[in-house]
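Student: I have a structure here, written as structure tokens, and I will follow up with some questions on it.
The values are calculated or read from the model by the stated rules, or taken from the named source; none is laboratory data. Note that the coordinates shown come from a computational prediction; the quantities given were computed from them, not determined experimentally. Please note: Cβ atoms are built from the backbone with ideal geometry, for glycine as well, and neighbour counts cover all protein chains shown. The protein model used for the area step is the full one, side chains on, heavy atoms only, and it has no ligands, DNA or RNA in it. Shrake-Rupley method; radii C 1.70, N 1.55, O 1.52, S 1.80 Å.
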Amino acid sequence: MPTPSRNEQGTIAVLDVGKTNVKLNAVTADGVVLETLSIPNPVLPGPPWRHHDLGAISEWVFSGIGQLCRRHPLSAFVASGHGSGGVLVGDDPEIGEGATLPMIDYEQPLPEAIKAGYVPLSGSFFDRGSATMHAATHQARQLYWMQECEPEAFSRARWYLGLPQYWAWRLSGVATSEASLLGAQSHLWNVAERHFAPIVAARGWGRLMPPFADAWQDLGPVRADLARRHGLPQGLRILVGAHDSSLNHYRYHAAGLHEFTVISTGTWIVGFSGQTSLDRLDENRGMTLNSDVFGNPLGGVLTMGGREFSLVAGPGQPSDPVPEQTIRRLIADRTMALPSFGDDNGLFPGSAGQGRISGPKPETATERKAVALVYCALLTAECIEALGAGPLVVLDGSFLRDPLYARLVAALLPDRQVRFNLDAYGVASGAALLAGQHSRRRPAPLSLAEASDVASLTAAISDYATEWRARARQPAEPVFH
């Protein structure tokens, strides 16, 4: 049974909408998660396209806030969301979950005519903030698809809202735009120049874009009828919300860190640095231009590390940490995974689907997991070197479940200060900290650890890493049958 919170400033309800799961958290004002509710993010097959079941999610979210408020003194609500999600809505947040058209599942394949028609409209790299990625990833491409295929419904829409702002609107009735969400590869917002991309005017979408607000702005209380229906606190304040990875970055900013690079690991390895110069960004190497919650540019890099890990490690991975002696033996034997095993190039142009194991093949599940771990540490180091700036590197996310991951990354970067954070709730923590943006008088609490006994690993892996980097940039050798 969760322990009721007794923070005098109240507790923040944080909704975290991911592609796979939706989480609702009760979080203290200084960023400690007290309780989490979670469901899979349901997807329906269509027509007109595969889409998220906003009706089912809505009922769960509103009833979940009602549950949390009976155990915690909720004072505010804030949502986070991934950058590939948005909802075209009407005037009324009550009618059909507010949606004019179903919310597109961003992994839904696009019709060929939509792919071809979008390309000449998408603008420069700074207009897009990234390369054009797979399927329906970008919000601008989703809007183009909706407008082309459902013009009548599209014409009735009032607003287009990113995921966090959609949920803020559902609860408060106030529609806003927000910089970090639009700056997350939406292809709608030029972060460098702080204006909408040309496609917005060219397609007549300006009328759909509500006024901008800061991520921490108070939009007012929860709608009275919604509060009555679900037993929510009538004084619950609704904040604008922001992009999930930008909130994770904000968490470290709120803790008083300066000139740092943060690397978060999971399905994607996501790297951000506020010090990366714009001319360093290379869209052909998985690099992006994002926005922090203040609207400032964040150099970014993306590679599907978690997917790569799973493809290399294979099924039946042991749950135990990888033994160091297994890592050292594989390094000595020059067994290495070379990119890329999935359908994403990551930092290595043209490598998608070309992944291979070089050297003596791993024979056991533990050895396969060890090869995958070293490979992902190398990918992480490549992300950090691509971003370039700042001596301090902070690692967080699921890869840290294996103690050797942080040590390997630190060994690969002997000239950097590599620290790691074992807390698994960076997005929820960063979102809750928004509530104190104006009132915070001292840095938010944060506990960072330092990898130990790194020098011996550096000596063992240095030549191996040099060889890996050279070979990873070479085209894959042809395979003859």
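Student: Specify which of the listed residues (S319, S277) is without any contact (Cβ under 8 Å) to a residue 40 or more places away in the chain and either open to solvent by less than 30 Å² (accessible area, probe 1.4 Å) or out of contact with any Leu (no Cβ under 8 Å at 6 or more places or on another chain) (or both).
Tutor: S319
Student: Of all residues in the stretch 355-376, which are out of contact with any strand residue (DSSP E or B) (no Cβ under 8 Å at 6 or more places or on another chain), of a type outside the set (G, A, S) and open to solvent by less than 40 Å² (accessible area, probe 1.4 Å)?
Tutor: Across the stretch 355-376, the qualifying residues are P362, E367, K369, L373.
Student: In the list A428, A459, which residue meets the criterion of being surrounded by fewer than 21 Cβ atoms within 10 Å (Cβ to Cβ), assigned to a helix (DSSP H, G or I) and hydrophobic (A, V, I, L, M, F, W, C)?
Tutor: A459
Student: Of all residues in the stretch 43-70 being touching a strand residue (DSSP E or B) at 6+ places or on another chain (Cβ under 7 Å) and in a loop (DSSP other than H, G, I, E, B), which is surrounded by the most Cβ atoms within 10 Å (Cβ to Cβ)?
Tutor: If we take residues in the stretch 43-70 being touching a strand residue (DSSP E or B) at 6+ places or on another chain (Cβ under 7 Å) and in a loop (DSSP other than H, G, I, E, B), then W49 is surrounded by the most Cβ atoms within 10 Å (Cβ to Cβ).
Student: Checking the condition in contact (Cβ under 8 Å) with a residue 12 or more places away in the chain and closer than 20 Å to P151 by Cα, which residue from P111, P93 passes?
Tutor: Going through P111, P93 in turn, the sole match is P111.
Student: Could you tell me which numbered condition V293 fails, if it satisfies all but one of (1) free of Cβ contacts under 8 Å to residues at least 60 places away in the same chain; (2) surrounded by 22 or more Cβ atoms within 10 Å (Cβ to Cβ); (3) not polar (S, T, N, Q)?
Tutor: Of (1) free of Cβ contacts under 8 Å to residues at least 60 places away in the same chain; (2) surrounded by 22 or more Cβ atoms within 10 Å (Cβ to Cβ); (3) not polar (S, T, N, Q), only one is false for V293: (1).
Student: For the subset of the stretch 125-142 comprising residues that are out of contact with any strand residue (DSSP E or B) (no Cβ under 6 Å at 6 or more places or on another chain) and among the hydroxyl-bearing types (S, T, Y), which member is least open to solvent (accessible area, probe 1.4 Å)?
Tutor: Filtering first and then ranking leaves T137.
Student: What do you reckon, is A224 modelled with pLDDT of 95 or more, of a type in the set (G, A, S) and out of contact with any Asp or Glu (no Cβ under 9 Å at 6 or more places or on another chain)?
Tutor: yes
Student: Follow-up question, since we're still on this one. Is it the case, given these coordinates, that Y464 is hydroxyl-bearing (S, T, Y) and within 24 Å of R328 (Cβ to Cβ)?
Tutor: Details: hydroxyl-bearing (S, T, Y): yes; within 24 Å of R328 (Cβ to Cβ): yes.
Criteria met by Y464.
Student: Between a first residue in the stretch 155-172 that is free of Cβ contacts under 8 Å to residues at least 24 places away in the same chain and a second residue that is surrounded by fewer than 24 Cβ atoms within 10 Å (Cβ to Cβ) and assigned to a helix (DSSP H, G or I), which pairs have beta carbons less than 9 Å apart while being 6 or more apart in sequence or on different chains?
Tutor: Here the result reads S155/Q147, each pair linking the stretch 155-172 to a residue that is surrounded by fewer than 24 Cβ atoms within 10 Å (Cβ to Cβ) and assigned to a helix (DSSP H, G or I).
Student: Quickly run through the stretch 163-175 and pick out the residues that are under 25 Å from S124 (Cα atoms) and open to solvent by 10 Å² or more (accessible area, probe 1.4 Å).
Tutor: The answer is none; no residue qualifies.
Student: Being out of contact with any Phe, Trp or Tyr (no Cβ under 7 Å at 6 or more places or on another chain), open to solvent by 10 Å² or more (accessible area, probe 1.4 Å), in contact (Cβ under 8 Å) with a residue 12 or more places away in the chain and in a strand (DSSP E or B), is that true of even one residue in the stretch 398-415?
Tutor: no
Student: Still on this structure, I have one more. Could you please let me know if A352 is aliphatic (A, V, I, L, M), open to solvent by 30 Å² or more (accessible area, probe 1.4 Å) and farther than 15 Å from I327 by Cβ? First the steps, then the outcome.
Tutor: Working: aliphatic (A, V, I, L, M): yes; open to solvent by 30 Å² or more (accessible area, probe 1.4 Å): yes; farther than 15 Å from I327 by Cβ: yes.
It is true that A352 is aliphatic (A, V, I, L, M), open to solvent by 30 Å² or more (accessible area, probe 1.4 Å) and farther than 15 Å from I327 by Cβ.
Student: Follow-up question, since we're still on this one. Which residue pairs have Cβ atoms closer than 8 Å, lie 6 or more positions apart in sequence or on different chains, and pair a first residue in the stretch 47-70 that is touching a residue at least 12 places away in the same chain (Cβ under 8 Å) and more than 18 Å from N25 (Cα to Cα) with a second residue that is among the acidic types (D, E) and buried (at least 16 other Cβ atoms within 10 Å of the Cβ)?
Tutor: P48/E150; W49/D105; R50/D105; H51/D105; H52/D105; L54/E97; G55/E97
Student: Among the residues of the stretch 76-124, count how many are touching a Leu at 6+ places or on another chain (Cβ under 8 Å), in a loop (DSSP other than H, G, I, E, B), buried (at least 23 other Cβ atoms within 10 Å of the Cβ) and hydroxyl-bearing (S, T, Y).
Tutor: 0
Student: The conditions are (1) farther than 23 Å from D218 by Cα; (2) of a type in the set (D, E, K, R); (3) modelled with pLDDT under 95, and E35 fails exactly one of them. Which is it?
Tutor: (3)
Student: I've got another one for you. Condition first: touching a strand residue (DSSP E or B) at 6+ places or on another chain (Cβ under 7 Å) and under 19 Å from Q165 (Cα atoms). Now tell me which residues in the stretch 191-204 satisfy that.
Tutor: Answer for the stretch 191-204, where residues must be touching a strand residue (DSSP E or B) at 6+ places or on another chain (Cβ under 7 Å) and under 19 Å from Q165 (Cα atoms): V191, F196.
Student: Kindly indicate the residue of the stretch 203-242 that is among the charged types (D, E, K, R) and surrounded by 15 or more Cβ atoms within 10 Å (Cβ to Cβ) and also farthest from P151 (Cα to Cα) among those meeting that condition.
Tutor: R237
Student: Right, something else. Can you tell me which residue within the stretch 431-456, out of those that are touching a Ser or Thr at 6+ places or on another chain (Cβ under 9 Å) and assigned to a helix (DSSP H, G or I), is nearest to D396 (Cα to Cα)?
Tutor: Taking the candidates together, the pick is A431.
Student: Continuing with the same structure: Evaluate the following for E178: is it over 24 Å from the mean Cα position of the chain (by Cα) and either surrounded by fewer than 24 Cβ atoms within 10 Å (Cβ to Cβ) or in contact (Cβ under 8 Å) with a residue 12 or more places away in the chain (or both)?
Tutor: no
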